[in-house]
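Take a look at the structure set out below.
The values are calculated or read from the model by the stated rules, or taken from the named source; none is laboratory data. Given the structure is predicted, the values throughout are model-derived calculations rather than measurements. Cβ sites come from the backbone with ideal geometry, for glycine too, and all protein chains shown count toward neighbours.
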Amino acid sequence: MHFAETFLHSAWVILALPLLTSALIAAFARSLQRKAWIFGTGMMLVALFWSIMTFIAVAGGGHGAAEAAHEGAKFLIEPAWHIQWDAWGQFGSYNMKMGLQVDGLTAVMLVVVTLVSACVQTYASAYFDGGEKRFTRFYAAINLFTTGMLGLVLADNLFLLLVCWEIMGLCSYLLIGHWYEQEWPRMGQIKAFLTTRVGDVGMMIGIFILFFLAKDLTWVGLAEKLPEVIAEHGALLGLGAFLLFTGAMGKSAQFPLHTWLPDAMAGPTPGSALIHAATMVAAGVYLVGRAFMVYGNAPGWVLVVVAFIGAFTSLFAASIATLRHDIKEVLAYSTISQLGYMIMALGLGGWAAGNFHMMTHAFFKALLFFAAGSVIHAHHHNQFLHKMGGLRKKIPITFAVWMAGYLALAGFPGFSGFFSKDELLLAAWTWHPEGVHMAGWLLKLPFIMGLTTAFLTAYYMTRATYLAFFGKPRDHHLYDHAHESPWQMWAPMAVLAVLSVFSGWGWAALPNEWFGGEWMLFFEHLFHMPGIEHVAEASAAHAVTAMATTAGLTGIGLGLLLYKVVSPNTRAKWISAGKPIYNLVRNKYYVDEIYNVLFIETTKVLSKGISWFDGNVVDAIVNGLGKVGTQLADATGWFDKTVVDRLVTIWADISRGIAAQFKRMATGLVQQYMLTLVIVVVASVVLFQVIR
Amino acid sequence: MLSLIVFAPMAMALLMLFVPKTQEKLLFILAGIGSLIPLVATLPLLAGWSGAAVSTETYAKGMRFVEHFNWIPKVGVSYTFGVDGFAITMIALSVLLFPIAILASYGYIKTRVKDYLILLLILMTGTNGVFSALDFILFYVFWEIVLLPMYFLIGIWGGARREYAAIKFFIYTLVGSVVMLVGAIYLYLQAGGTSFNILELATKTSQLPVTGLTTFAFFALVVGFAVKVPMFPFHTWLPDAHVEAPTPISMLLAGILLKLGSYAMIRISHPLLPQVAKQYAWVLFALGVAGILYAALAAMAQKDFKKQVAYSSVNHMGFFVIALSAASILPRDMAEVALQGGYIVTIAHGIISPIFFFAVGMFYERTHTRDLGKLGGMFVTIPVVSFMTAFVAFANLGLPGLAGFIGEFITLTGVYPAYGLWVLVAGAGLVITAAWHLLTMRNVLLGEGKKEYAGLPDVTTKEKLIFAPLAVLTVLFGVWPAPIMNLLHDAVQTLSQVIALGGK
Amino acid sequence: MNLPIYLPLGLGALLFGMGLWGALTRTNAVRILMFIEIMLNGVNLNLITFSRYYYQTNPEMATRAPIMTLFIMTVAAAEASVGLALILNVVRNRGVVDVDKVNLLKG
C-alpha cells in the first residue's frame, strides 16, 4: 500500500503526461506521422498505470484520518490528496488558489478516462486509413482532451473545473470538425460549441453567485461556507445551483440543450467514443456530483428540477432513438438518454448510483461506439442500419463485443448496466425530496419514466442489433466486402467488453445477498457521500430489480417481435397507422427546427438589423453631424461673405460717397482754400465767443 | 527612468530627421532602437516593482518612480511623472507593442518610410506620456500628441477611404478631448485653482456635491474618454479607422490607443468625481452592456474580416465599462474584484487584439482581400497562418486557459453583485461573440482549399517573430495571471478607497 | 509818449485786412506772395504792440516780442525766396503765373 501511496502523492503526473504528449505530438507532427499512435498510447498507458495505482491507494483507505478535518461539512468527500498553488495572486481582497485533489470519485474517473483514452488511441490507429491527412492532429487533440478531462476530475475548485471544461469543449469542437472539408462536420462543430457555450454562460453566472455567497470556489470552501448563507440567501443559492446546472445541461446534452450531440457524430468515431460517449458528456454529471455541496445545501426544488430534467431527457431521447436509421445516431440519442438517467439519479439523491452508472456507461458506451466504428469501418463508411444486416458472420469479433455492450446497455441481468441501472431505479423508487411537498404520483413519476426508458432502451438496442447483425444482408455489395478489423481495433474492444460485462459486479447488491462477499459492495462504499443516507428495504430492492429486469426483457422481446417475427410490410402498415406520432418522433420533435427559427434566424436578423442600424443610423448621425458641421461652415462662410463683409464694404461705400462730395471742394485753387481757411477761422472765433 | 521611457522615442525621432530618407534600412534600425530603449528601461521597473519606494507626497500618493518638477507654478502646472499598477501595465504593453509594430512595418510600409517611422516614434512618446503623467495639463499635452501622428498614419498610409477615416477619427477624438478639457478646467477652478495635479485635484473635487455642473463635468470627462475607449454609441469611428489603417497601425490602435480611454477613466474621471460616478453608474452600465451585445451582433453581420475584429474591440471594452460602473457602486471588497477584472480585460485585449489584427493582415497580404465571402479553406492552403488565426480567435472569444477569459470571468464576478442577473445580457454577448468567431473561422479557415489561393506562401519568420511574444503572453496570463494581479493589486485598493470615500 | 493802443492795432488790422483781400482776390502768384508779406507785417505790428502795452515795466520780457518779430521777418524773407523759386518753376513748367490756372491739387 505504501508503494501505491507514492503514486497518489504525485497524481499531478497523470495530468502532466497527456499534456506533454499532446505538445510533443503537435511539435513533432512531421517526423512522427503515423507513429504518433504508439507514442500517444504508450504515454497514456503510463498514465493509466499511474491512475490505477492512485485508485488502489485511495480505495485502500488511509484517508480516514483526514476526514476529521472537515467534520460536519456535509456533501464533501474528504480528499485523499490535495495540493494548492498560487496562480492567481490577489484579486481584490481575495486570493484564489488553484489546486488538485483526489478522492474516490476522482480516482475512479482517472482510471476510466485514461483507460478509454488509451483504448481510443490504439483503436484510432487502425480506424484511420492511409489517406488520412490529419492523423497527428487527431492525436494531439485527443491527448489535449484527455488532459482537460483529467484536469476536470482533479480540479479542487470550480474555476479550474471551468477552464478544463472549456478545453474539452475546444477539443470537442476540433474533433467534430476533423473532416472540415465537409459541410456536416463544420456545422456540427459550431453547433456543439455554441450550444454548450449557452450552458456555460449560465454556469459562469452560477459560479459568480456562488462566489458572491461563499467568497470561495474550492469544494472544501463551498462545503464549509454554503450552509452558513443558506438561511439568508436561500433563494439566491437555489438560483446559483440551477444556473450551475445549466452548464451541465449543455455539456451532458440535457433537454433543451441536447441538440448538439447527434450532430457531434460528424466527427471520427474513435473521437466520438471518447468525447461524446464516455467522458466529456459525462462531465456534466460529474459536475453535479462533484458540486453536490451546492445542490445538497440549496433549496429542495433545485434537485427536483434536476431530477425531472434528467428523467424527461432520458425518456425523450430514448423515444427518438427508436426511430433513428444511422447507427451512430442511435448511439448518440442513447447517450443522451443514459446521461439523463444519471442526472436524474443525482437529482433524486442517488449520488452513488448516478456516479456508478457514469462509470459503467463509460465502458459499455465506448465499447458500443468502437463496435459501431468497426462496423462502419468494415462496411466502407456506411452508417445506415437499413443497408446492413447479417454482419455477425462476417465480423464475429465485432459482433461478440457489440453483444456485450448491447446487453449491458439493455440491462440484461448479470451485465454491468443491469446493476447500475438497478441502483439508479432503486434511488428513484425510494425518492423522498427534502423540503419539497409533492403529490404522491409525482414522487413516483421519475421511477415510472426511468422504467419506461429502460424498456425503450432495450427495445431500440435490440432493433439496432438485429438490423445490423442479424437477418439477411440488405446491401450485398457492401456485405461482400465487409471485413474484420485489425487487432488494434478489436483488442481495445475486448478490454472494454470485459469491463462492460464485469464492472457491474463491483456493486452487485442482489448477488451479495445471495452469495455474500464484501467486494460486491465495493463501489457502494467507495461512493459514500457524507450527508446522504442510502437506506432501502430489501423488499423494495427486490421489487425494483424485478421490475427493471422485466422492463428490459420486454423491450428486448418487443424488438425481436417487431424485427424478427413481423414482416416489414406489416411494420410499414403499423407505421402509417400512427403517422403523426411517427413523424413527430422521426423528426426529433422538431426541436432543431424550432431552435433554428427561434434563435439562429432571430439572431441573424437581429445582427443584420444592428449592423444596418450602425451603418445607417449611428453612423448617419455622426456623418449627419459632420454634414451639419460642414453646412454650418458653408452657411457661416456665406454669412461672412455676404453679411459681415457687406457691412464692411458698406462703410467703405459710404465713406467713398462722402469723399466724393468732399472731393468737389478740392478744386486745387489755392485761393479757395485760403478763403475756406479764413471762413473757418472766423467762424471758430465767433463760435468760441458764443460758447464762452 | 520614466522620462527616459517617455522621451527616448521622441529623441530618436529628432535624430532620424538628419538621416536621408533613402536609407530605409538604417531608419528602421534606428526606429527599432528608439522603441526598444523604453522596453529595456521598463524591465527594471517591473523587476523592482515590489521593492520600489511608494511616494507619500500629495502630488503622487501611492505612486512609484516619481519625478516631480515645477513647470508653470503660477497656475499650478507641474511636470510630474509617476506610475501605479494601472499605469505600469499599460506602459509595459505599450513598450512591447511598439517594437512589434515597427517590426511588422518592415517590408510592409514602402512609401515615405522616414515620415512613417518618425510619426510612429512620436506616437510612442505620446502614449507613454499619457500613462506616466500625473499632472492634468501634462496629460492633456500627451493626449493631443497621440492624436496628430495617428491622423497622419491613417490618412497617408491607409487604404482606399483613408482620408474619410482619418478625418472621422480626428474629429471624433478632438471633439472628445476638447469636451474633456472643459470639464477638467471647470473642476480645476472648483478645486481652488491652485494645482492641476490629478491626485491633488481628486482630493478636493471628490468632495464636491453632486450638482448640475459637476454632473456636466463628469460627463464631459467621460465622453472625452468614451470616444477613445470606444464606448457605445461613440464607437463608429473605430471600424472605419481600423479598416483603413495599415496593419501595424491597427495593432497599435487596438492594443494601445483604446487603452488611453480606459486608463483615463480609471485615472481621471472616476477618482475625480466618484460621487457623480456613483449616482450615474447605471448610465455607464447601460451603455457598456448595450455595447457588448450590440457590437457582438454588429460584428456578426459584417462582411469585412477586419471590421469584425474592430467591432470585437467595442465588445471587449464594454466589459471594462461595466466593471468600472459596478466598481463605483459596490462596497469596497467587491469593487476591487470588479475593477481588477475590468482592467485585466483591457490588458488581455491589448495582448490579443493586436495579433488578431495581425492575423487578418497576414491574410490580406496574401490574398488581397478581407471579404469573408471570398476567403475560404485556408487551413488547407496555409496551415500555419490558419492555426495562428484559430488560436487568436479562440483567445479573443474568451476561451478559458487563455488570457481573454480571466478578465471576463473576474469582471462578471464583480459585476454580478452590483447588477444581478443583468449580467445575463453580457453573457448573451459572450455567446454571440463565440458564434461569429466560429462562423468566421468556418468561412475563412475551414472547407476545401480554394483554387485561386493555391500555392500561397505560408508563414514567414518575421511573422512568427511578431506573433510569438504576444501569443506566449496570451497563454501565460491565461494560466498564470498572478503577475498582473499582483501588479494591479495596490492600485486597485487605492482606487476603490478613493471611490468609496467620494462625496463623504 | 503814450500812444493810444487802438492806433497801432488799427494799423495792424488794416494791413492784415489789406493783405488778406489782396491774397484772395489777386490771381498773380507774385502778387499773392506780396500780399501775404503785408499780412505778416500786420501781424508783426500787432505782436509788438501788445508786447509794448503789457510789458512796459518788465524790460526783460519786453525784448522778446521784437526778437520774435525779427525772426518772423527773416523767416518771411526766406519763405518769400522759396515761394518765388516755386513760382519761377511753375512758370517755367507751365508757362503761367496765374494761380487759377494751376490746379494740380484738384482731387
### Query
Which condition number in (1) among the hydrophobic types (A, V, I, L, M, F, W, C); (2) in contact (Cβ under 8 Å) with a residue 40 or more places away in the chain; (3) surrounded by fewer than 22 Cβ atoms within 10 Å (Cβ to Cβ) is the one that B:LEU138 fails?
(3)
## Note on the structure
Of the residues in segment B:280-315 that are farther than 30 Å from B:THR367 by Cβ and β-branched (Val, Ile, Thr), the one that is farthest from the other protein chains (Cβ to nearest Cβ) is B:VAL283
### Query
How many of the residues making up segment A:162-209 are more than 7 Å from chain B (Cβ to nearest Cβ), within 30 Å of A:ALA298 (Cβ to Cβ) and not hydroxyl-bearing (Ser, Thr, Tyr)?
11
### Summary
The condition of being over 23 Å from A:ARG137 (Cα atoms) and either among the hydrophobic types (A, V, I, L, M, F, W, C) or more than 11 Å from chain A (Cβ to nearest Cβ) (or both) holds, among B:LEU330, B:LEU402, only for B:LEU330
### Message
With the structure loaded, tell me whether C:ARG31 is in a helix (DSSP H, G or I), away from every other protein chain (no Cβ under 14 Å) and of a type in the set (Lys, Arg) or whether it fails that test.
### Response
no
### Query
Among the residues of segment B:453-463, is there at least one that is within 22 Å of the chain's Cα centre (by Cα) and either within 7 Å of chain A (Cβ to nearest Cβ) or in contact (Cβ under 8 Å) with a residue 12 or more places away in the chain (or both)?
no
#### Entry: Condition met for B:VAL444 (touching a residue at least 60 places away in the same chain (Cβ under 8 Å) and more than 10 Å from chain A (Cβ to nearest Cβ))
yes
### Query
Would a scan of segment A:77-97 turn up a residue that is modelled with pLDDT of 80 or more, within 18 Å of A:HIS525 (Cα to Cα) and assigned to a strand (DSSP E or B)?
no
### Query
So is A:TRP574 part of a helix (DSSP H, G or I), more than 41 Å from the chain's Cα centre (by Cα), more than 12 Å from chain B (Cβ to nearest Cβ) and aromatic (Phe, Trp, Tyr) or not?
no
### Message
Exactly one of these conditions fails for B:GLU365: (1) charged (D, E, K, R); (2) crowded, with 23+ Cβ neighbours inside 10 Å; (3) more than 10 Å from chain A (Cβ to nearest Cβ). Give me its number.
### Response
(2)
#### Entry: Selection from segment A:215-254 of residues that are more than 10 Å from chain B (Cβ to nearest Cβ) and of a type in the set (D, E, K, R)
A:ASP216, A:GLU224, A:LYS225, A:GLU228, A:GLU232, A:LYS251
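For (1) closer than 25 Å to A:ARG30 by Cα; (2) surrounded by 20 or more Cβ atoms within 10 Å (Cβ to Cβ); (3) in contact with a Cys (Cβ under 7 Å, 6 or more places away or on another chain), each residue gets a yes or a no:
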| site | (1), (2), (3) |
| --- | --- |
| B:THR381 | yes, yes, no |
| B:PHE394 | yes, yes, no |
| B:ALA403 | no, yes, no |
| B:LEU456 | yes, no, no |
| B:PRO469 | yes, no, no |
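Yes/no matrix, rows are residues, columns are (1) surrounded by 17 or more Cβ atoms within 10 Å (Cβ to Cβ); (2) out of contact with any Cys (no Cβ under 7 Å at 6 or more places or on another chain); (3) among the aromatic types (Phe, Trp, Tyr):
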{"residue": "B:MET1", "(1), (2), (3)": "no, yes, no"}
{"residue": "B:LEU4", "(1), (2), (3)": "no, yes, no"}
{"residue": "B:MET10", "(1), (2), (3)": "yes, yes, no"}
{"residue": "B:LEU15", "(1), (2), (3)": "no, yes, no"}
{"residue": "B:LEU26", "(1), (2), (3)": "no, yes, no"}
{"residue": "B:ALA31", "(1), (2), (3)": "yes, yes, no"}
{"residue": "B:THR42", "(1), (2), (3)": "yes, yes, no"}
{"residue": "B:TRP49", "(1), (2), (3)": "yes, yes, yes"}
### Task
Could you check how many residues of segment A:2-45 are over 20 Å from A:VAL112 (Cβ atoms) and β-branched (Val, Ile, Thr)?
3
### Task
Quick one: in segment B:472-483, of everything that is touching a helix residue (DSSP H, G or I) at 6+ places or on another chain (Cβ under 6 Å) and of a type in the set (A, V, I, L, M, F, W, C), which residue is nearest to the other protein chains (Cβ to nearest Cβ)?
B:PHE477
### Task
Can you tell me which residue among B:GLY376, B:GLY341, B:GLY318, B:GLY350 is within 13 Å of another protein chain (Cβ to nearest Cβ), within 18 Å of the chain's Cα centre (by Cα) and small (Gly, Ala, Ser)?
B:GLY341
### Task
Return yes or no: is A:MET98 touching a Leu at 6+ places or on another chain (Cβ under 8 Å), among the hydrophobic types (A, V, I, L, M, F, W, C), within 12 Å of chain B (Cβ to nearest Cβ) and surrounded by fewer than 23 Cβ atoms within 10 Å (Cβ to Cβ)?
yes
### Task
Look at B:THR494 and say whether it is farther than 26 Å from B:PHE357 by Cα and either part of a helix (DSSP H, G or I) or modelled with pLDDT under 85 (or both).
yes
### Task
Check B:LEU26, B:LEU4, B:LEU46 and return the single one that is in contact (Cβ under 8 Å) with a residue 40 or more places away in the chain, assigned to a helix (DSSP H, G or I) and of a type in the set (A, V, I, L, M, F, W, C).
B:LEU46
## Note on the structure
Per the filter on segment C:49-95, residues surrounded by 14 or more Cβ atoms within 10 Å (Cβ to Cβ) and either outside any helix (DSSP H, G or I) or within 14 Å of chain A (Cβ to nearest Cβ) (or both) are C:TYR55, C:GLY83, C:ILE87, C:VAL90
### Message
Just to be sure before I move on: is A:ASN596 within 14 Å of another protein chain (Cβ to nearest Cβ), surrounded by 12 or more Cβ atoms within 10 Å (Cβ to Cβ) and out of contact with any Cys (no Cβ under 7 Å at 6 or more places or on another chain) in the structure I sent?
### Response
yes
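A quick yes/no check of all residues on (1) of a type in the set (Gly, Ala, Ser); (2) in a helix (DSSP H, G or I):
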| position | (1), (2) |
| --- | --- |
| B:LYS307 | no, yes |
| B:ALA310 | yes, yes |
| B:SER313 | yes, yes |
| B:HIS316 | no, yes |
| B:VAL321 | no, yes |
| B:LEU324 | no, yes |
| B:ILE329 | no, no |
| B:ALA335 | yes, yes |
| B:GLY341 | yes, yes |
### Task
Name, by its number, the condition in (1) under 29 Å from the mean Cα position of the chain (by Cα); (2) in contact (Cβ under 8 Å) with a residue 24 or more places away in the chain that does not hold for A:ILE448.
(2)
### Query
Across segment B:379-419, which residue is farthest from the chain's Cα centre (by Cα) among those that are among the hydroxyl-bearing types (Ser, Thr, Tyr) and more than 20 Å from B:ALA281 (Cα to Cα)?
B:THR381
### Message
I need the full set of residues from segment B:416-435 which are more than 8 Å from every other protein chain (Cβ to nearest Cβ) and at pLDDT 85 or above, in order please.
### Response
B:ALA418, B:TYR419, B:TRP422, B:VAL425, B:ALA426, B:GLY429, B:THR433
## Note on the structure
Across segment B:73-105, the tally of residues that are of a type in the set (Ser, Thr, Tyr) and in a helix (DSSP H, G or I) stands at 3
### Exclusive hit being assigned to a helix (DSSP H, G or I), more than 16 Å from the chain's Cα centre (by Cα) and more than 10 Å from every other protein chain (Cβ to nearest Cβ), set A:PHE212, A:PHE138
A:PHE138
